[in-house]
Amino acid sequence: MNINKMLLSKNKYSRPGIYMDKIKGIVIHYVGNPNTSAEANRNYFENLKYGTNNIYASSHYIIGIDGEIIMCVPEGEVAYHASKANYEYIGIECCHKYSDGKFSHKTINSLVMLCKDIISRYGNMDIIRHYDVTGKNCPLYYVKNTDEWKNILKLIEEDKMTTDEAVAVLKKNLRLEDSTIQFLLCYKFGDELVKRIAQNIK
Ligand SMILES: [Zn+2]
């Protein structure tokens, strides 16, 4: 997983430099500005430092439409994304192509990987929507489509099995041939598919 560190300058509007109390979880957001890049959203946070509109906002990470990940604020520092949860929750903003706020497959893939990586470092934690903290319609599509939100959670919670380990389980327990497994891996999310099957038959 490639994380592009483009840390914001310390300033009171978007990177106050306050240490987090304790990291309890992750809050997921949508940027709410269709078809904008992760970098453009990062620069928006950076430019808040001038205080022109007196807006306080930021997040630790932004994930782009093509799955690129930018880190704006180090995990141990507070970012301004979810009011009272700011002191205990890491914020991840996701870009989206259209106004419905639906994330692309690439964005979801990176989001799942990033959350798994954070969990691997801090232990199990709450993964919640901005909506769950303040009732705001964010991330819009996943407030309206609860089942799809649950699907993302399921992907994050899955056991950490590597693709190679999953392939070994499929070969042993289902006696699938290499060519069949390669065929499955070609699907969009093919490696997730192989991992899910492996987990169910292990
Ligand atoms: Zn939000």
TODO: Please verify whether region 63-78 includes one or more residues that are touching a helix residue (DSSP H, G or I) at 6+ places or on another chain (Cβ under 9 Å), modelled with pLDDT of 95 or more, assigned to a helix (DSSP H, G or I) and among the β-branched types (Val, Ile, Thr).
DONE: no
Open item on the list: Yes or no: region 104-123 includes at least one residue that is without any contact (Cβ under 8 Å) to a residue 40 or more places away in the chain and either in contact with an Asp or Glu (Cβ under 7 Å, 6 or more places away or on another chain) or aliphatic (A, V, I, L, M) (or both).
Closed with: yes
- [ ] Could you check how many residues of region 21-44 are under 17 Å from Pro74 (Cβ atoms), of a type in the set (Val, Ile, Thr) and more than 14 Å from the ligand (Cβ to nearest atom)?
- [x] 1
Open item on the list: Among the residues in region 132-151, are any at positive phi and loosely packed, with under 15 Cβ neighbours inside 10 Å?
Closed with: yes
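Just wondering, is there one or more residues in region 167-177 that are surrounded by fewer than 16 Cβ atoms within 10 Å (Cβ to Cβ), part of a helix (DSSP H, G or I) and in contact with a helix residue (DSSP H, G or I) (Cβ under 6 Å, 6 or more places away or on another chain)? Walk me through how you get there before you give the answer.
Going through region 167-177, the residues surrounded by fewer than 16 Cβ atoms within 10 Å (Cβ to Cβ) turn out to be 168, 171-175, 177.
In the following step, the residues that additionally are part of a helix (DSSP H, G or I) were identified as 168, 171-174.
Filter again for in contact with a helix residue (DSSP H, G or I) (Cβ under 6 Å, 6 or more places away or on another chain), leaving 173.
The answer is yes; a qualifying residue exists.
Can you pull out every residue in region 19-32 that is part of a loop (DSSP other than H, G, I, E, B) and surrounded by 13 or more Cβ atoms within 10 Å (Cβ to Cβ)?
Met20, Ile23, Lys24, Val31, Gly32 - these are the residues of region 19-32 that are part of a loop (DSSP other than H, G, I, E, B) and surrounded by 13 or more Cβ atoms within 10 Å (Cβ to Cβ).
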Task: Given (1) touching a Pro at 6+ places or on another chain (Cβ under 7 Å); (2) farther than 20 Å from Gly123 by Cβ; (3) not acidic (Asp, Glu), index of the condition Ile28 fails - done: (2)
- [ ] Could you tell me which residue of region 82-101 is nearest to Asn124 (Cα to Cα), considering only residues that are of a type outside the set (A, V, I, L, M) and in contact with a His (Cβ under 6 Å, 6 or more places away or on another chain)?
- [x] Gly91
- [ ] Mind counting the residues in region 108-147 that are within 21 Å of Phe189 (Cα to Cα), within 15 Å of the ligand (Cβ to nearest atom) and under 11 Å from the mean Cα position of the chain (by Cα)?
- [x] 1
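The values are calculated or read from the model by the stated rules, or taken from the named source; none is laboratory data. Since this is a predicted model, take the numbers as computed values, not measurements. Glycine also receives a Cβ, built like all others from the backbone with ideal geometry; neighbour counts cover every protein chain displayed.
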